Amino acid sequence: MARKLLSAFFITVLFFSAELYANDSIYIQKNIREIEVTGKGTGTKCIIPSDVLIAPNQSVLNNILELIPSFETDLECNVRLRGSDKMTILINGKPTALLGDYRSEVLIQYPASAIERIEVNYIPDATRLSDGSAGIIDIILKQSYNGKMSGSVHADVANNDRYSAGGTWGASLGKVSVNVNAAYKKEMRQRAFKRYDRDGNLLLDNTAKARPQTVTGHIGVNYSINSANRLGGEASYFYLNFDRIGNIINPKAQVRRDNEQSQKDGSGSLFYEHTFSLKGRIRIEGTYRKSVYREDNQNTRISTNPHALMFTHIIDQSVDEYDANLSYLQRLADGQVLKAGYNGRWQSADNEYNKDNRLPRPSILAYNTDFCQNIQSLYAQYEINRADWEARAGLRGEYYHRHLSLSEAENKSRTDWYLLPFASLSYRINGSNSLSIDYGRRVNRPVFSQLNPTPIPSAEDETYNVVGNPDVKPEFIDNLSLSYEFRHPIISIVPSLYYRHRDNGIAEIIQENADSKTIGIVNIFDTNTTGLDLSLRISPLSWLNLNIAGNVYHDEIQADKRGGIKKDWAQSVRGTADIKLSPNTLLQCTGLWYSDIMTVQGCIKSHYRIDTGITQQVFARRGEVSLSVTDWLNSARETIVIDTPDLYQKNVKTRDSRIVRLGFAWNFHSK
């Protein structure tokens with residue numbers, strides 16, 4: 001009871017100091033004094049600075065994303081926005097292979113020190129990529145501004161031999177600007193996964209320790225030829241190494257699993273931009289990305305003496321992506337703007353899976369699956385801006401083709417054409433009040449892992465095989481949002497009412513029979529989601545800032561041909577109290593709570609977390625020392641219940657989430 005009362009107290013005092021700016025997206029940005037949330041256009045806008053963020057509490061990308069209104073995450077860093085796990089994540093406005101099939105591990109490990117801000121569009125306009133039913137999250141890396149040299153370095157240590165370090169540097173050298181950042185991070189994770197039947201009997205006990213390491217780097221160069229012409233390029237690198245050792249205990253055997261994973265991702269892009277004298281602009285850009293993933297597993301039976309090797313399996317996957325983009329903008333008379341452009345994307349992937357079985361009888365399995373897809377898009381958008389209102393309308397047409405080579409004799413192909421409209425209308429009632437309504441149609445195309453039919457043992461329970469479905473169809477989503485904004489120096493409130501309809505929703509289904517246990521991918525019939533999210537900022541005192549961000553939504557899922565419908569409500573609340581103990585000292589208390597969330601086959605049970613941190617600015621605010629405790633009630637756990645007429649499971653995941661971290665950062669800049 002004491003924990004629940006304490007949790008309730010912190011959850012009611014919540015979130016960061018804020019100052020409102022009107023825009024059509026959410027921004028989470030560092031190096032600015034305060035945070036703002038507004039509701040104009042296609043969503044809200046937040047600006048979250050480095051001197052407000054408790055750096056160790058926000059030491060990885062996943063922690064920063066939790067600051068977005070209506071953003072939810074679980075123990076494995078599977079993410080949801082407005083109740084949907086379908087979203088597109090970009091880096092500097094571009095897709096990246098590392099945030100594809102294995103993005104949950106990347107989100108946990110990607111260092112926050114390299115990030116300048118995060119932009120979120122709930123309903124992107126026709127000029128943006130069409131993937132993602134819940135919108136687009138764009139991660140903008142740090143750059144140099146105002147023609148000055150600037151940079152930062154940081155380092156932190158935490159319990160259980162966790163540590164990280166990194167730095168950024170940027171400078172403008174005449175017509176050339178250069179930006180560089182690099183970071184290293186080493187973590188310790190101790191996790192447990194247990195499965196129970198309906199009567200509470202333990203079916204599986206999977207515990208493991210892991211030592212993930214990441215290295216990231218990025219360089220960007222811009223060259224201003226003259227006032228009308230600009231060109232530049234950038235390159236990024238990401239490396240993840242993941243060693244894990246654990247024991248898997250089930251009624252049949254006790255097994256030790258040695259798991260090694262590595263991922264390397266590199267990308268490069270070039271652009272040219274020309275501004276016409278008649279208020280027009282054209283931009284040409286090309287991007288190449290390469291991602292290589294390898295996983296090596298060895299399972300040994302340790303319930304016998306001597307120990308016996310059961311099997312080994314190796315996964316090798318390589319992905320190549322090419323993007324070509326052409327955009328044109330023309331400013332017309334009386335605040336009118338015309339935008340048009342072309343986007344092309346070509347992707348190829350190769351997956352090799354080899355399994356060497358030793359027990360109960362020797363056998364060798366080998367699969368090689370090749371995948372390629374081709375997306376070609378044209379768009380046009382018209383905008384008009386007036387003193388009290390503005391409107392936008394656009395249309396995006398796309399051609400989509402995919403081809404899956406399963407063997408020399410079996411291939412699967414699919415081709416689609418579709419139109420994706422967008423419309424937005426905003427009205428400013430006065431200086432403190434505004435309204436907006438937005439509509440957009442989106443598409444979710446299945447990723448390679450959802451299409452690949454190769455049976456690969458699950459990382460959590462290797463008695464189950466994860467099997468993709470090469471016949472899965474794209475899902476189409478209609479989004480509608482109505483937002484209101486009220487601004488005042490002491491209080492600001494941004495409620496948004498939203499509706500989302502999905503056709504051919506892509507879902508993961510667990511099945512068991514006498515011969516096999518599988519985790520498969522299917523198209524469910526349709527889903528409807530209606531919700532309300534709210535951002536509330538209160539600044540009652542000069543030394544106290546409170547913010548509450550909540551989300552309430554109703555899900556309706558039709559999951560079978562007979563018309564069977566599941567309905568339920570879900571809620572989440574998150575926020576922080578910032579207490580300024582002195583001009584250079586900030587105390588921060590953050591609470592998160594998620595209710596039960598309905599799934600196709602059951603639900604995810606409610607959970608909560610409380611974090612606390614304090615930061616002290618030193619040396620004329622150029623330096624910062626911070627101390628934080630993440631999940632100091634050690635409450636982070638995830639319980640997933642599968643409850644169907646044919647199957648019942650209760651899966652409980654826990655990890656060593658109580659982390660005490662000490663950090664130091666130093667910012668430098670030229671005068």
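This table checks each residue for (1) within 27 Å of the chain's Cα centre (by Cα); (2) surrounded by fewer than 17 Cβ atoms within 10 Å (Cβ to Cβ); (3) of a type in the set (Ser, Thr, Tyr).
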position: 209; (1), (2), (3): yes, yes, no
position: 213; (1), (2), (3): yes, yes, no
position: 265; (1), (2), (3): yes, no, no
position: 272; (1), (2), (3): no, yes, yes
position: 289; (1), (2), (3): yes, no, no
(message) Restricting to segment 447-492, count the residues that are open to solvent by 60 Å² or more (accessible area, probe 1.4 Å) and acidic (Asp, Glu).
(response) 2
(request) With respect to residue 418, determine if the residue is without any contact (Cβ under 8 Å) to a residue 40 or more places away in the chain and either more than 27 Å from residue 70 (Cβ to Cβ) or touching a strand residue (DSSP E or B) at 6+ places or on another chain (Cβ under 9 Å) (or both). (result) no
(message) Consider segment 452-475. How many of its residues are farther than 30 Å from residue 256 by Cα and under 22 Å from the mean Cα position of the chain (by Cα)?
(response) 2
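Output the residue which, of all residues in segment 336-362 that are within 30 Å of residue 304 (Cβ to Cβ) and among the polar types (S, T, N, Q), is most open to solvent (accessible area, probe 1.4 Å).
Taking segment 336-362 and keeping what is within 30 Å of residue 304 (Cβ to Cβ), we get 353-362.
Narrowing further to those that are among the polar types (S, T, N, Q): 354, 357.
Details: 354: 69, 357: 23 Å².
Result: 354.
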(message) Quick check on segment 629-646: of everything there that is more than 26 Å from the chain's Cα centre (by Cα) and at pLDDT below 90, which residue is surrounded by the most Cβ atoms within 10 Å (Cβ to Cβ)?
(response) 644
(message) Please determine whether any residue of segment 159-166 is aliphatic (A, V, I, L, M), open to solvent by 30 Å² or more (accessible area, probe 1.4 Å) and modelled with pLDDT under 85.
(response) no
(message) Regarding segment 400-415, can at least one residue be identified that is out of contact with any Leu (no Cβ under 9 Å at 6 or more places or on another chain), under 15 Å from residue 443 (Cα atoms) and surrounded by fewer than 16 Cβ atoms within 10 Å (Cβ to Cβ)?
(response) yes
(request) From (1) within 25 Å of residue 434 (Cα to Cα); (2) modelled with pLDDT of 90 or more; (3) not in a strand (DSSP E or B), pick out the condition that doesn't hold for residue 498. (result) (3)
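Do we find that residue 182 is touching a Gly at 6+ places or on another chain (Cβ under 7 Å), open to solvent by less than 70 Å² (accessible area, probe 1.4 Å) and within 28 Å of residue 288 (Cα to Cα) in this structure?
Values: touching a Gly at 6+ places or on another chain (Cβ under 7 Å): yes; open to solvent by less than 70 Å² (accessible area, probe 1.4 Å): yes; within 28 Å of residue 288 (Cα to Cα): yes.
Yes, satisfied.
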(request) Could you please find all residues in segment 242-259 being open to solvent by 30 Å² or more (accessible area, probe 1.4 Å), over 19 Å from residue 359 (Cα atoms) and either modelled with pLDDT of 90 or more or of a type outside the set (D, E, K, R) (or both)? (result) 245
(request) Could you please find all residues in segment 418-436 being at pLDDT below 95 and exposed (fewer than 15 other Cβ atoms within 10 Å of the Cβ)? (result) 418, 429, 430, 431, 432, 433
(request) Those residues that are closer than 18 Å to residue 456 by Cβ and touching a Ser or Thr at 6+ places or on another chain (Cβ under 8 Å), I need them from segment 258-294; list them, please. (result) 258, 263, 291, 292, 293, 294
(message) With the structure loaded, tell me whether residue 232 is modelled with pLDDT of 90 or more and farther than 30 Å from residue 393 by Cβ or whether it fails that test.
(response) yes
(message) Quick check on segment 501-525: of everything there that is hydrophobic (A, V, I, L, M, F, W, C) and free of Cβ contacts under 8 Å to residues at least 40 places away in the same chain, which residue is least open to solvent (accessible area, probe 1.4 Å)?
(response) 525
(request) Spot the failing condition for residue 575; the list is (1) over 28 Å from residue 433 (Cα atoms); (2) surrounded by 22 or more Cβ atoms within 10 Å (Cβ to Cβ); (3) touching a helix residue (DSSP H, G or I) at 6+ places or on another chain (Cβ under 9 Å), and only one is missed. (result) (1)
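The values are calculated or read from the model by the stated rules, or taken from the named source; none is laboratory data. Because the structure is a prediction, the values reported are computed rather than measured. Quick reminder, even Gly has a Cβ in these numbers, built from the backbone with ideal geometry, and neighbours come from all protein chains shown. The protein model used for the area step is the full one, side chains on, heavy atoms only, and it has no ligands, DNA or RNA in it. Shrake-Rupley method; radii C 1.70, N 1.55, O 1.52, S 1.80 Å.
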